[in-house]
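Q: Before anything else, here's the structure in question.
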Amino acid sequence: MTEETFQKNDPNSPPREEDITIFKSLADHTKGKPDQALISKDTILNIFNRHGISMQDIRVKQGMDFLHSLPDKDLNQEQFVNFIHGCGAIGNRMLQGRLVIPDFEHFCQSISSIYEKTIGLQSGHVASYIPQLSSVDPEKFAISICTVDGQRFSIGDSSDWFCVQSVCKPINYSIAIQENSEKVVHQHMGREPSGTSFNALALNHHGLPHNPMINAGGIMCCSLIGRDLNGAERFDYITQMWHKLSGEIPRFSNSVYLSEKETADRNYALAYYMKEQGAFPPETDIKTVLDFYFQCCALEVTSDMASVVAASLASGGICPITRELIFRPEGVKNCLSLMSSCGMYDFSGEFNFKIGLPAKSGVSGMILLVIPNVMGISIWSPRLDAMGNSVRGVEFCNQLVQEFNFHAFDNVILQNSSKTDPRRHPYEKSNLSTNSLMWAAWRGDLHGMRENMANQADINATDYDHRTVLHVAAAEGHEDIVRYLINVGAPINKPDRWGRTPLDEAEFHHHDHITNLLRQLGGLTSKELIQTESQSK
Ligand code: GLU
């Protein structure tokens, strides 16, 4: 396997121009001598906080260690450059506002408010087939987020441990593909939704499990993992994989494992049925395979660490925290496709229709939600609906995609969408259209102007000085643009921040043809505008 491991930053390499620019953008120039601006540690740590980059993040550890070793509370340019160097690429991108969710703080406020809106849901029941699940506090609720840039946020019971249950299935499938190739894996299982319940005693017309997200396929994946390892080694191996995917060591609940084993008649029946159909690879010992399957279901994680697992899938198999490549992206793509079509039990079609994101749920009340190339989300709330999915979890997903344009096909509704795109900088949306209108007006570019209008640019938009597009066109003397703007309903007498109107601009720059045109169309100077306004009072 190719691995892109975390690289330590070389402290001896020369300061980069970019780092100095960042320092200048942040530093408080009133502190220290005139030639020695400073930046406070608090300012730096606040910025990390706002962007969701943890001080413990391994990628910035070298920089943070250096920062904490400094005796003063302020850093000069040289110290800052050393610090930022120790934070690697993520530090620069963060300070330049170039992380995948640029306004992470605001995004997290929205997530918290969805959490608050869903916590009141009391319907559903915790799984009752084993005592370890039936005794879980039904009020538990956690949401955790990790973006592909490693921006982290958690709310609720995010450090409680719970068993992964069926959420082991997408991970086991990805491992099976990684080890055996897609071709070999799919000689032993299909990739169609089953149309029956997750533990139905049913195989497809080739005598194979319908897909890897239901029990039959989950058991089959277990037969394809670490075939040359003994039972103990295989367990260590799966634990290591979860460790690599989440950056933390998972726990194991022996009591869940033993209970699973005792209540597993259906899973035994499924395995024997598949054996009878010749579905397993040659020389498979199904008791060992089932044992391994129960162990996988009994692995425990926290919501916090599960979000990193989801983010590793979101970034095509690279753990966002360690930057280690764990799965080949081709395999992750397969896994996400199957999570989309089969990950939410008998609700998979409806979930894919409404939410439009790959997800996998488990009977512990866990949902692993993946927003490809953006973030992973872990949700844990133990009360389940009739399909076996977390009630609050599904509602959280519903509200998430109502607010943000995360549904896979939201991108066909470009304009008029009331949804927010948190991948864009908050200023970007208004700036883009206003900016390009202003530039088109300045250059006298009528085509550009028309294209912007066709894209529903706002003709009333102003810049920070309250100047309209018409101010710019009038000042530059572009008659065709002025005519066009007035035709499409641009405001003719809107004063800018100094009270100046488009007609003032035309007069000031001696564009007589524009002055005449504006006058004909009802244009007023600022003086006239004030007079008219005072008369009408
Ligand atoms: N351990 C469960 C079983 O195999 C998994 C249930 C689930 O989360 O779907 O029956």
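The values are calculated or read from the model by the stated rules, or taken from the named source; none is laboratory data. Small disclaimer: the values here were computed from a predicted structure and weren't measured. For neighbour counting, all protein chains shown are included, and Cβ atoms are generated from backbone atoms with ideal geometry for every residue, glycine included. Areas reflect the complete protein model, heavy atoms only, side chains present, ligands, DNA and RNA absent. Shrake-Rupley method; radii C 1.70, N 1.55, O 1.52, S 1.80 Å.
Q: Can you confirm whether the range 353-368 contains a residue that is under 25 Å from E248 (Cα atoms), buried (at least 20 other Cβ atoms within 10 Å of the Cβ), of a type in the set (S, T, Y) and within 15 Å of the ligand (Cβ to nearest atom)?
A: Of the residues in the range 353-368, the ones under 25 Å from E248 (Cα atoms) are 358-368.
Filter again for buried (at least 20 other Cβ atoms within 10 Å of the Cβ), leaving 358-368.
With the extra rule that they be of a type in the set (S, T, Y), the set shrinks to 361, 364.
Adding the requirement that they be within 15 Å of the ligand (Cβ to nearest atom) leaves 361, 364.
Looking through the range 353-368, at least one residue is under 25 Å from E248 (Cα atoms), buried (at least 20 other Cβ atoms within 10 Å of the Cβ), of a type in the set (S, T, Y) and within 15 Å of the ligand (Cβ to nearest atom).
Q: Considering each of L521, L529, L503 in turn, give the residue that is modelled with pLDDT under 95 and in contact with a Ser or Thr (Cβ under 7 Å, 6 or more places away or on another chain). Even if it seems obvious, please write down each step before you answer.
A: Details: L521 fails: in contact with a Ser or Thr (Cβ under 7 Å, 6 or more places away or on another chain); L503 fails: modelled with pLDDT under 95.
Result: L529 is the single residue among L521, L529, L503 that is modelled with pLDDT under 95 and in contact with a Ser or Thr (Cβ under 7 Å, 6 or more places away or on another chain).
Q: What number goes with the only condition from (1) more than 12 Å from the ligand (Cβ to nearest atom); (2) surrounded by fewer than 22 Cβ atoms within 10 Å (Cβ to Cβ) that A269 does not pass?
A: (1)
Q: Among the residues of the range 151-174, write down those that are within 14 Å of I377 (Cα to Cα) and within 16 Å of the ligand (Cβ to nearest atom).
A: V167
Q: Oh, and also: Looking only at the range 87-134, count every residue that is in a loop (DSSP other than H, G, I, E, B) and away from the ligand (no atom under 16 Å from the Cβ) and tell me the total.
A: Keep residues of the range 87-134 that are in a loop (DSSP other than H, G, I, E, B), which gives 87, 96-103, 119-124, 126-130.
When the remaining residues are screened for being away from the ligand (no atom under 16 Å from the Cβ), the result is 87, 96-103, 119-123.
Qualifying residue count, the range 87-134: 14.
Q: If you check every pair at least six apart or on different chains, which have Cβ atoms under 8 Å apart with a residue in the range 179-196 that is open to solvent by less than 40 Å² (accessible area, probe 1.4 Å) first and a residue that is β-branched (V, I, T) second?
A: Close Cβ pairs (under 8 Å, with a partner that is β-branched (V, I, T)) amount to V185/I177; S194/I214.
Table: residues versus (1) open to solvent by less than 30 Å² (accessible area, probe 1.4 Å); (2) among the β-branched types (V, I, T); (3) farther than 19 Å from I53 by Cα.
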site	(1), (2), (3)
L299	yes, no, yes
S307	yes, no, no
G316	yes, no, yes
I321	yes, yes, no
S337	no, no, yes
S341	no, no, yes
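Q: Let me ask you something else. Pick from the range 273-284 the residues that are free of Cβ contacts under 8 Å to residues at least 60 places away in the same chain and loosely packed, with under 13 Cβ neighbours inside 10 Å: which of them is nearest to the ligand (Cβ to nearest atom)?
A: Restricting to residues being free of Cβ contacts under 8 Å to residues at least 60 places away in the same chain and loosely packed, with under 13 Cβ neighbours inside 10 Å, the top hit is E276.
Q: Which one of I155, I171, I175, I143 is assigned to a strand (DSSP E or B) and closer than 23 Å to S253 by Cα? First the steps, then the outcome.
A: On the way: I155 fails: closer than 23 Å to S253 by Cα; I171 fails: assigned to a strand (DSSP E or B); I175 fails: assigned to a strand (DSSP E or B).
The match here is I143.
Q: Against the definition (open to solvent by less than 10 Å² (accessible area, probe 1.4 Å), in contact with a strand residue (DSSP E or B) (Cβ under 7 Å, 6 or more places away or on another chain) and among the polar types (S, T, N, Q)), how does S174 come out, yes or no?
A: Numbers: open to solvent by less than 10 Å² (accessible area, probe 1.4 Å): yes; in contact with a strand residue (DSSP E or B) (Cβ under 7 Å, 6 or more places away or on another chain): no; among the polar types (S, T, N, Q): yes.
In short, no.
Q: Inside the range 247-266, can you point out the residues that are of a type in the set (D, E), closer than 16 Å to L133 by Cβ and more than 10 Å from the ligand (Cβ to nearest atom)? So that I can check it myself, show each step before the final result.
A: At the first step, the residues of the range 247-266 found to be of a type in the set (D, E) are 248, 260, 262, 265.
Now narrow it down to the ones that are closer than 16 Å to L133 by Cβ: 260, 262.
Scanning the range 247-266 gives a single hit, E262.
Q: Next question. Of everything in the range 234-266 that's more than 36 Å from the chain's Cα centre (by Cα) and not in a helix (DSSP H, G or I), which residue is surrounded by the fewest Cβ atoms within 10 Å (Cβ to Cβ)?
A: Out of the qualifying residues, it is T263.
Q: Could you list, in sequence order, the residues of the range 58-95 that are surrounded by fewer than 17 Cβ atoms within 10 Å (Cβ to Cβ) and closer than 20 Å to Q36 by Cα?
A: Those that are surrounded by fewer than 17 Cβ atoms within 10 Å (Cβ to Cβ) and closer than 20 Å to Q36 by Cα: L70, P71, D72, K73, E78.
Q: Let me ask something else. If we keep just the residues of the range 520-537 that are assigned to a loop (DSSP other than H, G, I, E, B) and free of Cβ contacts under 8 Å to residues at least 24 places away in the same chain, which is farthest from E479 (Cα to Cα)?
A: Of the residues in the range 520-537, the ones assigned to a loop (DSSP other than H, G, I, E, B) are 521-525, 536-537.
Cutting the leftovers down to free of Cβ contacts under 8 Å to residues at least 24 places away in the same chain gives us 536-537.
Details: S536: 31, K537: 34 Å.
Going through the qualifying residues, I end up with K537.
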